[in-house]
Amino acid sequence: MRFRFVPLSIALVVTLVMVLAFVFVLLGTSSAAGQYPAQVIPKVNVESGGSLSITGGTTGEAKAIDFGNMGPGQTLEKTLSLGITANDDWHLTVSKNQDLKDSFLNATIPSANFTFTSSGGAVATYVESSTQFGNSDTAVVTNGSATGGSNVNVVYKLVIPSGQPCNDPLVSYYAAVHTYTLIVGSP
């Protein structure tokens, strides 16, 4: 039996190609490992004398605000549009059931990294600076006047912290439930 040795230059080229292929595979799959999908499911409560509806900004049957896949340090804004009618003065509040949390990882995105502002067409006072969602009612709109139909836009801003644990979007996601309440008449 005869053995033949491969020249050193061919061995180096083959090794280099294998290392480059490995690095390419590693870089190609790292984006999937660093995903931070987040979703908020807005709920609506309405007091008598008015109506509140979600008119835009949500997806799917759950009517969720889906931020999709985000990476550390990334910032993204999404707008939720609400339709309002009220036969008297009104205000609009929002509350959360929890901070954005991934129950599978037991990880939470800090409240300071998930804020909102509001704007709209009705004569009212809107939240113009970034405001955190509270565990109890947080004002979205105050001093609204009677309206036959106005839109309120709530701009969600999510900033993923640089050290945030990443999740597998096929297994879990960061989520919270926000409940909007329209109160018509004296607060």
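The values are calculated or read from the model by the stated rules, or taken from the named source; none is laboratory data. Since we're looking at a predicted model, the values are computed, not measured. Note that each Cβ is placed from the backbone with ideal geometry, even for glycine, and that neighbours are counted across all protein chains shown. Accessible surface areas use protein heavy atoms only, side chains included; no ligands, DNA or RNA. Shrake-Rupley method; radii C 1.70, N 1.55, O 1.52, S 1.80 Å.
The packing ranking of peptides 173-181, 64-72, highest mean first, is 173-181, 64-72, where packing means the average number of other beta carbon atoms within 10 angstrom of each residue.
Counting only residues at least eight positions apart within a chain, or on another chain, the aspartates and glutamates with an alpha carbon under 19 Å from that of Lys78 are Glu61, Asp66, Asp99, Glu128.
Taking the average, over residues, of other Cβ atoms within 10 Å as the packing measure, peptides 157-163, 56-62, 94-100 rank 94-100, 157-163, 56-62 from highest down. Looking at the range 48-187, the accessible area is 47 square angstrom per residue; that uses a 1.4 Å probe and ignores ligands, DNA and RNA. With N counted as the residues of the range 57-186, its alpha-carbon radius of gyration over 2.2 N^0.38 Å works out to 1.13. Remark on Met70: its backbone amide H falls under 5 Å from those of Tyr36, a criterion applied only to residues 5 or more positions apart or on other chains, H modelled at 1.01 Å from N. Apolar share of the accessible surface for the range 37-187: 46 percent from carbon plus sulfur atoms, 1.4 Å probe.
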